[in-house]
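The values are calculated or read from the model by the stated rules, or taken from the named source; none is laboratory data. As the structure is a prediction and not an experimental result, all values here were calculated from the model. Here the Cβ positions follow ideal geometry from the backbone for every residue, glycine too, while neighbour counts run over all protein chains shown. In case anyone asks, the SASA skips ligands and DNA or RNA and just uses the protein heavy atoms, side chains included. Shrake-Rupley method; radii C 1.70, N 1.55, O 1.52, S 1.80 Å.
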Amino acid sequence: NEIEIILLCKKHTGAVCGPASLVNSMMDLRQGALMLLGPTMNAKVAFELSERLPHLGLRMKEHCDRALIFATRMTNLGLKVINPGLENHPDNALLKSMANKNYGYGGILCLDMGTEERANRLMNVLQNCTQFGFMAVSLGYYETLMSCSGSSTSSEMNNQEKELAGISPGLIRMSVGYNGTMEQKWSQLEKALSEMQ
């Protein structure tokens, strides 16, 4: 059997060795263990992350608070928003019974714009005209990040699987950032929404 070796790094002691079929299956972009779990973190990156842990609680609180405020305000504008902190979410009561009240319901919300074209147009305005946030497939940053899931992170799913998962063509996942003031960011979002009409 052909043998391949992956993850051999100068600063790490170790490697993944085995038949090419095993290594290739681990690296498969859809189902592979490395894609799903991630490789070992670089020691320098791990140290830098540990330096940020003391104020993680403050950042997460603001991240979660803003997501719920945005979700509530967008719902009040008549937009279709999904966030477990909203009373109309089917799992709101369950999450309330389990969640730490100091940290709310998470910093992610979903906004359904109906079509992929409308979702991409809104994200383009949010990024390039109002500087509200950035389009990205990996969410989690101090800036707001957003993606149209159906055509990015969930693009490998067929239409039936997307429908079962509640992923419409115009669904925008948004990780709400915590930079700038709340009202400044809301103003940027409102401006983008008004440009959509």
How many residues does the range 144-177 contain that are open to solvent by 30 Å² or more (accessible area, probe 1.4 Å), farther than 14 Å from L109 by Cα and under 16 Å from the mean Cα position of the chain (by Cα)? 5
When the range 88-129 is examined, which residues are found to be of a type in the set (G, A, S) and touching an Asp or Glu at 6+ places or on another chain (Cβ under 7 Å)? G104
Name the residue, out of N128, N124, N92, N102, that is exposed (fewer than 15 other Cβ atoms within 10 Å of the Cβ) and within 17 Å of I69 (Cβ to Cβ). N102
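Scanning the range 74-89 for residues that are of a type outside the set (A, V, I, L, M, F, W, C) and outside any loop (DSSP other than H, G, I, E, B), which turns out surrounded by the most Cβ atoms within 10 Å (Cβ to Cβ)? Walk me through it before giving the result.
Taking the range 74-89 and keeping what is of a type outside the set (A, V, I, L, M, F, W, C), we get 75-76, 78, 80, 83-85, 87-89.
Narrowing further to those that are outside any loop (DSSP other than H, G, I, E, B): 75-76, 80.
On the way: T75: 18, N76: 9, K80: 14.
My answer is T75.
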Residues that are modelled with pLDDT of 90 or more and among the small types (G, A, S), drawn from the range 52-96: A67, A71, G78, G85, A93
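Regarding L22, is this residue aliphatic (A, V, I, L, M), within 23 Å of E143 (Cβ to Cβ) and either open to solvent by 70 Å² or more (accessible area, probe 1.4 Å) or at pLDDT below 90 (or both)?
no
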Cβ contacts < 6 Å: first residue in contact (Cβ under 8 Å) with a residue 12 or more places away in the chain, restricted to the range 54-75; second residue open to solvent by 70 Å² or more (accessible area, probe 1.4 Å), any location; separation 6+ or different chain. Result? M60/Y103; K61/Y103; C64/Y103
Just for the range 182-197: of the residues that are polar (S, T, N, Q) and at pLDDT 95 or above, which one is least open to solvent (accessible area, probe 1.4 Å)? Q188
